[in-house]
1. Among the residues of region 79-100, which ones are of a type in the set (Val, Ile, Thr) and under 14 Å from Val131 (Cα atoms)?
2. Looking at (1) outside any helix (DSSP H, G or I); (2) at pLDDT 90 or above; (3) among the hydrophobic types (A, V, I, L, M, F, W, C), can you tell me which one Ile114 breaks?
3. On the given criteria, is Ile120 loosely packed, with under 14 Cβ neighbours inside 10 Å, under 30 Å from Leu7 (Cα atoms), of a type in the set (A, V, I, L, M) and modelled with pLDDT of 80 or more?
4. Out of everything in region 63-96 that is loosely packed, with under 12 Cβ neighbours inside 10 Å and polar (S, T, N, Q), what residue ends up being modelled with the highest pLDDT?
5. Pull up region 1-53, narrow it to residues that are among the polar types (S, T, N, Q) and modelled with pLDDT of 95 or more, then point me to the one that is surrounded by the most Cβ atoms within 10 Å (Cβ to Cβ).
6. Just checking, which of Val60, Val56 is free of Cβ contacts under 8 Å to residues at least 40 places away in the same chain, surrounded by fewer than 16 Cβ atoms within 10 Å (Cβ to Cβ) and touching an Asp or Glu at 6+ places or on another chain (Cβ under 9 Å)?
Amino acid sequence: MSRLLKLYITTGLVTAVTVGLGLAAYHFFWFWHFWWFDVLLHLLAGLSIGLISLSVYVLVNRLKGDNLRDLKYILSVTIIAVAVTGIIWELLEFQIDQSWATRISIKQLVVLQIGFWDTIGDLVWDLLGAVLAGLIFYHQSPRLNRLDN
């Protein structure tokens with residue numbers, strides 16, 4: 001099996017697990033029962049978005065016939081992609097929480113957005129997932145320009 005195919009399979013599996021856990025967490029209220037589940041999901045989301053961005057990066061470079069870059073460039077691609085996605089997600093989450101806060105009785109659920117430090121923590125875990133994605137990618141392909149091996 002080629003390294004490129006392994007990258008795509010890994011990306012698909014990690015993303016499917018992340019989405020599945022996220023949907024289950026909302027359905028079964030795991031975010032409210034387990035304080036650490038939000039951390040886990042942000043780490044997995046950062047890993048997923050990082051792997052997706054790297055998969056797109058590899059695909060575009062292969063189509064253009066360009067060589068892949070070094071570790072610093074790979075980490076930059078993943079961190080930027082995850083940072084932008086994480087910020088957009090946090091803004092969306094804030095907006096949803098604000099609209100739900102007026103409709104949900106406080107007795108039933110605690111409002112989702114805890115505050116500024118929760119958001120910063122979420123973004124840090126997203127970025128740690130991005131770094132993990134970059135390192136996994138880098139170590140799985142020792143010869144970055146020969147991903148078919």
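1. Filtering region 79-100 down to residues of a type in the set (Val, Ile, Thr) leaves 79-80, 82, 84-85, 87-88, 96.
Selection gives Ile79, Ile80, Val82.
2. (2)
3. On the way: loosely packed, with under 14 Cβ neighbours inside 10 Å: yes; under 30 Å from Leu7 (Cα atoms): yes; of a type in the set (A, V, I, L, M): yes; modelled with pLDDT of 80 or more: yes.
Yes.
4. Within region 63-96, the subset loosely packed, with under 12 Cβ neighbours inside 10 Å is 63-67, 70, 72, 88, 91-92, 95.
Okay, now just the ones that are also polar (S, T, N, Q), so 67, 95.
On the way: Asn67: 70, Gln95: 80.
My answer is Gln95.
5. So the first thing to find is which residues in region 1-53 are among the polar types (S, T, N, Q), and the list is 2, 10-11, 15, 18, 48, 53.
Pick out the ones that are also modelled with pLDDT of 95 or more and you get 15, 18, 48.
Details: Thr15: 18, Thr18: 22, Ser48: 26.
The extreme case among them is Ser48.
6. On the way: Val56 fails: touching an Asp or Glu at 6+ places or on another chain (Cβ under 9 Å).
After ruling out the rest, the residue left standing is Val60.
The values are calculated or read from the model by the stated rules, or taken from the named source; none is laboratory data. In this text the structure is predicted, and so the values were computed from the model without any measurement. Neighbour counts are summed over all protein chains in view; Cβ atoms, including those assigned to glycine, are modelled from backbone coordinates with ideal geometry.
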